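As C-alpha cells, the structure follows; a few thoughts come after it.
The values are calculated or read from the model by the stated rules, or taken from the named source; none is laboratory data. Values in this document were obtained by computation on a predicted structure and should not be read as measured data. Reconstructed Cβ throughout: ideal geometry from the backbone, glycine too, with neighbour counts over all protein chains shown. SASA here: full protein model, heavy atoms, side chains in, ligands and nucleic acids out. Shrake-Rupley method; radii C 1.70, N 1.55, O 1.52, S 1.80 Å.
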Amino acid sequence: MSGFTVGLIGPGAVGQSVAALLVQERWCARLLIASRTQESATGLVTDLEDMREITRSSVRAEIAPVAAMRAADAIVVCPRATFTNTATSDIRMAGLAANAPLIRSLAQKVAGYGGHVIVVTNPVDVLARVFATAVGPAARVYGIGSGTDSARYRIALAAHHRVPPGTVRGWVIGEHGDGAVICASTTTVNGRAVEVPSEWAQLSARPRQINAGIGRTRCGPAGAVLGALRKTLGVSDGTEVLSVNHDGVWLGIPLRFSAGRLTVALPDLDPDEQRQFTAARSKLDSAYQQTLQGAIAC
C-alpha cells in the first residue's frame, strides 16, 4: 500500500523524529509540515530533503499551512505552547492551561476534517478530546501515550524477571500520567502469570532518565506515532494502546486493528485495577471540563 499524505503540525523534538521516520516509510508519499515559524518549517524540510537524497527515499516533504492539512490522510498534532513547567507531580497535566487553547485553535482550522488524527501534545488524553470536539465528528482522533507506557512496563518487567521483552504481554491503560493503570492481573511472561512489584517506579524513572540525558523524550513517542499511523491507515495489523473515546472520555485502552478497522481489546480488570481506571476516567473528565470553563472565560 502506498501513496498516503501525512500532515505534521509542530516540528519540535517529537515532530522532527516522526518526520525522519516517515521519510523512510514506503507507504508515505507526501509529508506536509506546519510550524508557528517559517524558519523552523524551512529548516526541517531542508534537512528532510537531504535525508531523502542520501537514502534515496521517494517521500516529498513540503511546507504547508495548517488549513492545508485537510488534504492529508492523517494528521500528527504535536506542538507545545510556550510555558515553563515547574510541577513536580502530575507533570504532564501541568501543561493543560497553556496547551488546550493552542490545540483547540488548530482543530478549528481543520474543522470538518474526516481523516485520522494522532495527538501527541500533553496532557494527551485531555487534548485528544479537545481536538476531537473542535474538529468535528468525522475525524477519527487518537492520542498516544499509554502505548509508550506499556512498552516501558514490558521492558522493566522483562529486566525484573530476566527475560526478553518480547516474552512479556501486559498493558498500561487509563491516563498517560499519574493516573496510569498497570494491568498486573492479566500480565504474562511466556503465557504464564507473573509477579509484578507492588511499588513500581520504573514507568516514571525511564522518562526522567531520558529527560536528564537529552532534554526530553522524542524517539519513543515518535515510534508510538508511527505504530499508530500504520494501524489506523491499514498499512499493518496489530494492537496499539491509544487514547480514544471510551463512553465519552478519552483515555488509553488497547485497540486491535485489522485493515484499519478497530476492535476494543480492554483486558479484564481486577477490583483494584477497575477502581484505578474509574478514578483516571473521573480525573480526565474533570480536567476536560476545566478546559471548557477556560474557553468560556476567554
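Remark: the chain carries 46 Å² of accessible area per residue (probe radius 1.4 Å; ligands, DNA and RNA excluded). Largest first, the residues Arg281, Arg152, Arg169, Arg56 sort by 1.4 Å accessible area into Arg56, Arg169, Arg281, Arg152.
Normalising the average separation of contacting C-alpha pairs (under 8 angstrom, six or more residues apart) by the number of residues puts the relative contact order of segment 151-298 at 21 percent. Pairwise Cα separations in segment 164-217 fall into 5 Å bins from 0 onward with the following percentages, short to long: 4, 17, 21, 23, 18, 12, 4, 1.
Between the listed residues Leu48, Ala180, Thr232, the Cα displaced farthest toward the positive end of the dipole of the chain, a dipole computed from Cβ unit charges relative to the Cα centre, is found at Leu48. Taking label positions 7 Å along the Cα-Cβ direction at both Arg56 and Arg26, the computed distance is 1.3 nm, reported to one decimal. For Arg70, the accessible surface of its heavy atoms amounts to roughly 120 Å² (probe 1.4 Å, protein chains only, rounded to the nearest 10). Computed about its Cα centre, the charge dipole of the chain is approximately 400 debye, with only Lys, Arg, Asp and Glu carrying charge at their Cβ. Among 93-100, 3-10, sorting by the average number of other beta carbon atoms lying within 10 angstrom of each residue, highest first, gives 3-10, 93-100. In segment 1-43, the portion of solvent-accessible area held by carbon and sulfur atoms comes to 48 percent [1.4 Å probe, whole percent, DNA, RNA and ligands not counted]. Dimensions of the chain based on its C-alpha atoms, expressed as ranges along the principal axes with the largest first, amount to 50, 50, 39 Å.
Near the amide H of Thr239, within less than 5 Å, lie the amide hydrogens of Phe257, all on another chain or at least 5 residues away, with H placed in the peptide plane.
Computed over the chain, the per-residue total of -39500 (n - 2.57) for DSSP H runs of n ≥ 4 gives a 222 nm mean residue ellipticity of -14000 deg cm²/dmol, rounded to 500. Let a ≥ b ≥ c be the square roots of the eigenvalues of the Cα gyration tensor of segment 1-50; is it rounded (a/c under 1.5), or, if not, prolate (a/b larger than b/c) or oblate? Prolate shape, in that a/c is at least 1.5 and a/b is the bigger ratio. Here the alpha carbons of segment 20-107 define both size measures, Rg and Dmax, at 15.7, 45 Å.
Here the relative contact order of the chain, from alpha carbon pairs under 8 Å that lie six or more residues apart, stands at 16 percent.
The mean sequence distance of close C-alpha pairs (under 8 Å, at least 6 residues apart), as a share of the length of segment 8-102, puts its relative contact order at 33 percent. A Stokes-Einstein calculation at 37 °C with viscosity 0.692 mPa s, built on the Kirkwood radius of segment 70-194 over Cα pairs, returns a diffusion coefficient of 205 µm²/s.
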